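A short worksheet on the structure shown next.
Only the coordinates and a few stated rules stand behind these numbers; no lab work does. Nothing here was measured: the structure is a model prediction, and the numbers come from that model. Ideal geometry is used to build each Cβ from the backbone, glycine not excepted, and the neighbour counts take in all protein chains shown.
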Amino acid sequence: MPTPSTPLADHDVDQLYIRSWDDPIVDRIGHDPRSGYVEQFWLGILGPSTIWLLRHCRHELDRSPNGFVLDLGDTAGALGLGHKGGRNSPLVRSIARAARFDAARPAGLGELEVRRRLPPLNRGQLARLPPLLQRRHQAFVDGAESGDAATLERRARRLALGLVQCGDGVDAAELQLGQWRFHPSVAAAAVRWAWDQHHGIGPETGRSPVLEPDSALS
């Protein structure tokens, strides 16, 4: 497969402007690059340097949602990669690999759009994993899909409320629920509910949220 074009393919630049790649579907069902899912299952596809680059970009996009300047020399040093300019430096190869697997895409000279979430692995990607990881992935999917929907929603809300009350922000709470193997859409809805309840802007303003007992959490 040929290396896809990147903002660095034909030009030597010292900086890139990073923007969020907004994708309603992947943003709803995908996985934070800092999540356990990505660490376990995307690692063998993208490689460790590209995963760390995507994590670094996600952290910065959390701080600067409208975009930020990525200094290639500083980033290479922070990630333990080399960057002496040119398309064959380790950092540039990591950027190209992210683009090759649709985790990032060029947005013009000197600009790159990066996904805030990575999609679930497709069948072809799953087939590239060793058998042990394929079995773990199936167990992950089975666990996420098991259980009564109302019970899962109630459990997710209870945990999300606890996280928000302990000071977690929206992204951090969603990330933690994802690491606890809640589906991203369930986690996102639960955190939005918990945030509204905690800050008094939901339908139950003025009183403590009431959740039905859940013996699975005891």
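State, as an integer percentage, the relative contact order of region 147-204 based on alpha-carbon contacts under 8 Å between residues 6 or more apart.
Values: 46 pairs, mean separation 22.7, N = 58.
Value for region 147-204: 39 percent.
Sequence-ordered 3J(HN,Hα) estimates for region 67-75 from the Karplus curve with 6.51, -1.76 and 1.60 and θ = phi - 60° stand at x, 7, 8, 9, 7, 5, x, 5, 5 Hz, glycine and proline given as x.
With a Förster radius of 30 Å, plug the Cβ-Cβ distance of Arg28 and Ala127 into 1/(1 + (r/R0)^6) and report the FRET value to the nearest 0.05.
0.75
Among the trypsin sites (Lys or Arg not before Pro) within region 20-109, those in coil by DSSP and having at most 15 neighbouring Cβ atoms inside 10 Å are Lys84, Arg87.
Would you mind putting 174-185, 71-82, 131-142 in packing order, based on average other-beta-carbon counts within 10 Å, highest first? Please list the in-between numbers first.
Numbers: 174-185: 19.2, 71-82: 15.4, 131-142: 12.6.
Listed from highest to lowest mean packing, they are 174-185, 71-82, 131-142.
Amide H contacts under 5 Å for Trp21: Val114, Arg115, Arg116, restricted to partners 5 or more places along the chain or on a different chain, H placed in the peptide plane at 1.01 Å from N. Here's how it looks for Leu70: its modeled amide H is under 5 Å from those of Leu16, Tyr17, Ile18, which are all 5 or more places away or on a different chain.
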